[in-house]
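Laboratory data are not the source of any read-out in this text; all were calculated from the coordinates shown. Computed from a prediction, not measured in an experiment: that's the story for all the values here. Backbone-built Cβ (ideal geometry, glycine too); neighbour counts: all protein chains shown.
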Amino acid sequence: MTLPRAPLQQILTKYPPKESSLIMVLQDVQDAYRHLPLELLVEVAKALEVPKAKVIAVATFYKAFSLEPKGEVEIRVCRGTACHVRGGLLIMDEFKRLLGIEEGETTSDGKYTLEAVNCVGTCAMAPVVVVNDTYYGSMTVNKLNRILRATKSSKTADAAREETE
Amino acid sequence: MHLTSPEALKRLKSQLVRQRKENKSVITVCAGTGCVACGCAAVSAAFREALKENHLEEKVEIKTTGCHGFCERGPLVVMRPEGIFYQRVKPADAKQIVEKTIKQGKVIEKLLYRDPQTKQLLTYEKDIPFYNKQERLIFGMNGHMDPTSIQDYITLGGYQALGRVLVSVHPDEVIEEVKKSGLRGRGGGGFSTGRKWASCRQAEGEPKYIICNADEGDPGAFMDRSLLEGNPHAVVEGMIIGAYAIGSHDGYVYVRNEYPLAVKNLNIALAAAREYGLLGADILGSGFSFDITVSRGGGAFVCGESTALMASLEGKIGEPRAKYIHTVECGLWEKPSTLNNVETWANVPTIIEKGADWYRKIGTENSKGTKVFALTGKVNNTGLVEVPMGIPLREIIFDIGGGILDGRAFKAVQTGGPSGGCLPESALNLPVDFDTLTEAGSMMGSGGLIVMDDRTCMVDVAKYFIHFLLEESCGKCVPCREGLRQLHEMLEEISRGEGGVGTLDGIERLCSVMEQGSLCALGRSAPNPVMSTLRYFRDEYLAHLEAHRCPAGVCKALINYSVIEENCTGCVVCKRACPAEAITGEKNQVHKINSEICTRCGICLAVCKFDAILVE
Amino acid sequence: MQLTIDKRSVVARKGEYLLEVAQRNGIEIPALCHHPAVEPWGGCRLCMVEITHPDWKGWTGLVTACLYPVQDGLIVSTDTKKVHQVRAGVLDLLLARCPGSSLIQNLARQYGIEETSFTPRKAPDLCILCGLCIRICEKIGASAISSIGRGVEKLVSVPYETVATAACVGCLSCANICPTGAIAFSESEHCRTIWSRNFELVRCEECKAVIGTPEQLEHFARRSGLDRSYFTKCDSCRNREAAARFVRVTF
Amino acid sequence: MKQLFVTPNRCTACRNCEVACSFVHTSDPTVLAFPRVRAYAISENTNTVNLCLQCDDAACKKSCPVEALVWNAKTGALEVDLGRCIRCLMCTIACPFGNIHFDKRTNEIAKCDLCQGDPACAKFCPTLALEYAEKPSPDPKPGEVKPLPPIPWMLFTGKQSR
């Protein structure tokens, strides 16, 4: 299966074709394709005139990138210090149990990806869970099922948040 | 609008100030990431709706501002000019606020803040202890302006410092002024900003680069995010002044991709500054040119280290290199580069505007000015606080922070992020400045203050930080990469109650090798969380090792969950919630936890409403 | 300029690093990630030395000799207690990483370590992540090898068979430079295998000696600007041919 | 500066040069090194040697990715810096005359270094076919007997030449 090339072409026109654009190009590719497909990395390498191996090194060094497709719903459990001391670990454990996957994995139906992130900068509301782009603060293990339910219905972020409160 | 001289900028300011006075009331809705997370967008929309219904759109302005700092209480709404402070405002409250407060001038009590200690209701922002002990030099503007409006920034006096510098101050004088102010880098190192600029100005090689480090990686710190989100122009202005002083024409902001709002607001600010002739070619008609590129980080804590950040800007993996030749001489693309963090840059316009002598009056002998801290953890008022250097930790935690959550006992405060350390109660009276914190075995770092109570296990905290660093080490040098692996292994053992007292000697030996042998600051300071907890909380380590007990009840291998029979009502909630089905008991009967099956997940503790779960 | 290494006065030029100067003067400093052909890197931390200067008011510092630029009047000690401690610590850690490497075993023994005091890695290989192979491959112009991941999980590889192996030319330089012999390769009559990839072999059209892989010759041809058809004979056969030509010209 | 001169019609392809070269370039006298000079019997009565020309614009030097080939200003020889060399073998492939080799036994690149200004091949050439001099000696006139250098006995006794 070949991937559509149009988004990539568009991304490449946004940045000067040089090595220093690499990370930003990869970020946009990650956003557009939900992962960094190998075949596209080759094209990025060619376009920016960077050796393929260097592209791979960068793609695997930074946390923002994934070579495997991510799930439709990205659940990111904050692992900042504030979240940790307020029980972030329990939240992660419960998500693992609810989804039946480990940290960093995607459910077999491709629906959910569970990740730990280092501090999303909303420490005052610890522990925090970010689902796609929606922040949920002051999490407790009891609220997680409701978060998952909210992702199934296509609710707006605010409505979904209301539901967990 | 393209301003071609500092005079034009001044004229614009007075014009804007005149216009502003005509608007009587302003509803400021905080739209920092914290408040966004609480649904402030819906609140703003509800206000807009309510004003429309009452035909007040012309008379009342809604301003969505950057972070006010008191994130705990979001969404925050402040009614200006009175300064009435409403907290935890729901969209449904908007109508009432417009009806009562705006139309009738009445205060709505249920939205006011109640002081947790005095139980008093406080109406005005200025009366709230969280705010009134602070000195909001850098951060104060946030609550008064829409970060996406350059006009708001100019109205509040923004870019005037730049205008003055460009026409009447020699670059050397700018550097002298910054030197004299005593400003030290707010990113953690605490190096004199003025001296850094002077070396970069003198360094041979062209072009020279200006870099703003906005890769706020310390978990538990978010002041840079709030500054960039809430007042991006202050950072931009600081950078332009710095560029002028150093003789640079290219600037970069390396910002965390995890901060989308900061990226957005910064880009808006840059575009506006360019449009107004404050950025780009021939700034304010002075002949000086400078522009800024925004570079989003890829997600690596190590990129907070200056050389790794520069490697990342170059599009490479973020591996640091030795700094025997300083980055001010050989930095980005091996050219002279000046790197300061967001907060440092944001201090610059204030220093230039008000003068080094004025600035020097704030703070202590060797640490001047204010510092923004992210106060989080087990404390009542969490949020961002800006205080003068030298204020005792106790005042931050107990006066501004309102004491420990749930009335529990204070145990430690973690400062300086993963490179810092945990300070005990005996350190609470220490004045907060660069040198005192370092002497106490911690560090200022970027300004995270994470408060811990008696239910926080210090071995677990040390393990947490080492695990964090283990995942964030770039892996280039042996002591950091292999040392962290081993250190984590040893701490795991301790948290399982395994190993002997000899383990602690082994840890200390390894820490010394890492401190002395590692390539960059990440590895060299990685032992700090372990060494500081060993220094102040050795007993707790020994409890794990000798008594096989975790006094705080955290380390899973050493604790047991049981039911306190007197408190248990037999409500079956815990039994239903237990994922391991380890709880037995009929309805209305005292329940029992089978510790063989129990996975110590803590769910029963979280769901029990009767305090009937005991962890020991 | 003049500096002192282990109480010996030595001469150095501006821009040199301590390690080169020491090596030139026969002063031994162990180093694992260093090779004169590539830029110094400072990853193994074994070449730590203690430095001070008459102007530094007694302050001393531990630095990596491979990356520290020489400075007039610098006083360098390569075998102080601190230096010994850090080197021993590094070797102890490396031994836990690669217990099977005889190079590391021997070095560790020199610092009094027979067995690691740490927990050995569960499935150890011989790679110490010195990065020499990556840097050498880049020098050769192939840039086929990269580090994958970071931190403790980091490994070195020619990534993703189908994609980037195309860049590997099978020249064996990486295997030759690897200090611990961690890069396996083999050569049979028709085939060279490295990085789990098989390469054909080009043999001398006369004596059938191995010249290299087609990819390697292609790469060399591109770099040198010479025609690919140039590389059909081995050096010895070319030598004989040149001799005959030489005689024809002379007579 | 002295140079190595080859006069093919004096060469008898006795290969003394090869033995001498190999001998001075080995650290272990029991193992012969790769000779940097080769003697060939081209046809029944034409013989010659072939050895590095120390080309000004040397292909080996140009092909080296790590600049491991460096001029020795004193002797004018292009030498291999074995510490720097990464054994990529590009030089051995690049030399159009096949005068730079890889010695598998020692894992080293073998190339003529003019023996640091005292080339053994010339010293032990019994017929002056190889000479290290400012210019080659003229061919003998008919009847003239040229004094030949002594036969290098040490080659047979196992003593090192230098």
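Here are a few things to note about the model shown:
- Residue exposure proxy: C:Ile140, B:Ile154, B:Ile108, D:Ile93, ordered by other Cβ atoms within 10 angstrom of their Cβ from fewest to most, comes out as B:Ile108, C:Ile140, B:Ile154, D:Ile93.
- Net dipole in debye of the protein assembly as shown [+1 Lys, Arg Cβ; -1 Asp, Glu Cβ; about Cα centre; nearest 20]: 1040
- Mean residue ellipticity, 222 nm, helices only, the protein assembly as shown: the sum of -39500 (n - 2.57) across DSSP H runs of n ≥ 4, divided by residue count and rounded to 500, is -10000 deg cm²/dmol.
- C-alpha center-to-center spacing [segment C:24-98, segment A:125-154] in angstrom: 51
- Here's the list of aspartates and glutamates a cross-link from D:Lys123 could span, going by alpha-carbon distance under 16 Å and ignoring same-chain residues fewer than 8 apart: D:Glu18, D:Asp113, D:Glu131, D:Glu134.
- Footprinting exposure proxy ranking of B:Ser419, B:Ser473, fewest other C-beta atoms within 10 angstrom first, gives B:Ser419, B:Ser473.
- DSSP-loop trypsin sites (Lys or Arg not before Pro) across segment C:91-175, with at most 13 other Cβ within 10 angstrom: C:Lys122
- Summing Cβ point charges (Lys, Arg +1; Asp, Glu -1) relative to the Cα centre of segment B:560-615 gives a dipole of roughly 180 debye.
- When only alpha carbons are used to place a centre, segment A:1-57 and segment B:576-591 end up 54 Å from one another.
- Only Lys, Arg (+1) and Asp, Glu (-1) charged, at Cβ; segment A:6-61 dipole about Cα centre in debye: 60
- Each part reduced to its alpha carbon centroid, segment C:201-240 and segment C:128-144 end up 23 Å apart.
- Where labels lie 7 Å past Cα in the beta-carbon direction, separation of A:Arg149 and A:Glu102 in nm: 3.1
- Bridgeable lysines around B:Lys609 (alpha carbons under 21 Å apart, same-chain partners fewer than 8 residues away excluded): A:Lys143, B:Lys378, B:Lys575, B:Lys587, B:Lys592.
- Cβ-based net charge around B:Lys95, under 13 Å, with every Lys or Arg adding one and every Asp or Glu removing one: +1
- Exercise: per-residue mean of other protein chain Cβ atoms within 10 Å, B:29-39: 5
- Note on B:462-473: average number of Cβ atoms from other chains within 10 Å of each residue's Cβ is 3.
- Least to most buried among D:His101, B:His2, B:His326 (fewest other Cβ within 10 Å first): B:His2, B:His326, D:His101
- Based on Cα contacts under 8 Å between residues 6+ apart, segment B:470-521 shows a relative contact order of 47 percent.
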